[in-house]
1. Rounding to the nearest 20 debye, state how big the charge dipole of the chain is about its Cα centre with +1 on each Lys and Arg Cβ and -1 on each Asp and Glu Cβ.
2. Counting pairwise Cα distances across the chain, what percent come out greater than 37 angstrom?
3. Please tell me the relative contact order of the stretch 94-200 in percent, rounded to the nearest whole number, where contacts are Cα pairs under 8 Å and at least six residues apart.
4. Mean shadow of the stretch 20-100, computed from the convex hull of its alpha carbons, in nm²?
5. As I understand it, the dipole of the chain uses +1 on the Cβ of Lys and Arg and -1 on the Cβ of Asp and Glu, about the Cα centre. Which of 288, 356, 155 lies farthest toward its positive end?
6. Pairs of Cα atoms under 8 Å, at least six residues apart: use those to get the relative contact order of the chain, whole percent.
7. Enumerate the amide H contacts of residue 160 below 5 Å, restricted to partners 5 or more residues apart or on another chain; note that Pro and chain-start residues carry no placed amide H.
8. Step through the residues of the stretch 318-333 one at a time and calculate ³J(HN,Hα) from phi using the Karplus curve (6.51 cos²θ - 1.76 cosθ + 1.60, θ = phi - 60°), rounding each to whole Hz and writing x for Gly and Pro.
Amino acid sequence: MISFQPTEEELAFIEIARDLARQKIRPLIHEKKEITDKYDRVILQMKELGILQLELPEKWGGLELPLVTQVQILQELAYGDLDFVQSLPGAGDAASLFRILPENERSKELREKFLTEEMNTVAYIDIDRSYHSVKTSLHLGVENLRPILNGKTPPVRLGETCNLLIIGLSDSTGNKQLCYVDDPGEYKIPVDNRLGLNHANVAAFHFEEVEIPPEQVIASGKEAEIILAQARARIQILQAAKEIGLARAALDYATEYTATRKAFGRHIAQFQGVSFQIAEMAIEIQAANHLLLVAAVTGDQNISQALPLALRGLNRAHRALRFATDRAVQLLGGHGYIREFPVEKWMRDAQAQVLLYGREKELLHEYGEWLVNNHKEVARS
């Protein structure tokens, strides 16, 4: 029997995340101040509690928590505001990559670079399998046995503030490459982020004949392919957790609003057209959360077996997030489009989140590919 029940210690951590989200993050975002002393204090508190290092390996200064525990913590944090959570400094999505990396000289050098005071925020892009919905011209050529980067990357979270950019892609010969670029600020280009996640420091990068030194190639070939795939599964599970957290916030807000406001002498929630929409939101979120927890438990046991489950979980989390935030805006009526109410921002953040991490149809396509390939392998055996 699979149990998702946290231990007492994990439950205490989840309670801390819940208190931070509802007592500090939500009020902070509501004040609409980008950088304030209060913001800095909240970030410092989160760092001291280890919330910025949940996924990082212990050798990288992290807590190395199980996926299923992180899922429950991140759901509580994102209940405060997904935009805020996606803006947090540190390893970001690269933490999952660091968790997968084998111990060798290249990974040791990268760890030392990351742990320096100046190198504390990382942007990570997996070009080949993610961002299907965003066109990219980035390619990696080979000249005199040296990899050369050319072209433009898709938008990447933390790109605006990162000190280190890690890229996974195929070179001109079709081999997978995992490499990094030091101090990528000179290659940074701004992106229009008015849609949502305005504080997530999203940026793209443009390279022209940028040589990648051998010491900055982390892995190549089959090794890079395995590392990228396993890191991708962990990232998808953790991003889905954040989405479920925001979807729950939208559900709770819409439920409270419709239960306390009146129209034509009756509470809004008493109207059938409203009540069944609330029910549909709850069902979508619960279904997505179940798939996510199954993926997280499987990932803790064997991350290679979690690859298709992560795709399935993120797909349903996307669907639940967009459905819940869209319905919340509609259920608030005219108030849903006013910035004094948080649901319009949550809806915009949901759209931006899906664009960053692959739309539902791209995830379905990838999951379908896995199903077909797995069927072929079973038939051959």
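The values are calculated or read from the model by the stated rules, or taken from the named source; none is laboratory data. Worth saying up front: this structure is predicted, and the values here are computed from it rather than measured. Reconstructed Cβ throughout: ideal geometry from the backbone, glycine too, with neighbour counts over all protein chains shown. Areas reflect the complete protein model, heavy atoms only, side chains present, ligands, DNA and RNA absent. Shrake-Rupley method; radii C 1.70, N 1.55, O 1.52, S 1.80 Å.
1. With Lys and Arg at +1 and Asp and Glu at -1, about 1500 debye.
2. Working: 14487 of 72390 pairs.
Pairs farther apart than 37 Å: 20 percent.
3. Numbers: 135 pairs, mean separation 25.6, N = 107.
Result for the stretch 94-200 is 24 percent.
4. Numbers: hull surface 20.2 nm².
Taking a quarter of the hull surface, the average projection is 5.1 nm².
5. Positive-end residue among those listed: 288.
6. Working: 650 pairs, mean separation 62.5, N = 381.
Relative contact order for the chain comes out at 16 percent.
7. The list, which skips near neighbours in sequence, is 202, 203.
8. Computed from phi, the couplings for the stretch 318-333 are 3, 4, 5, 5, 5, 5, 5, 5, 5, 5, 4, 4, 5, 5, 7, x Hz.
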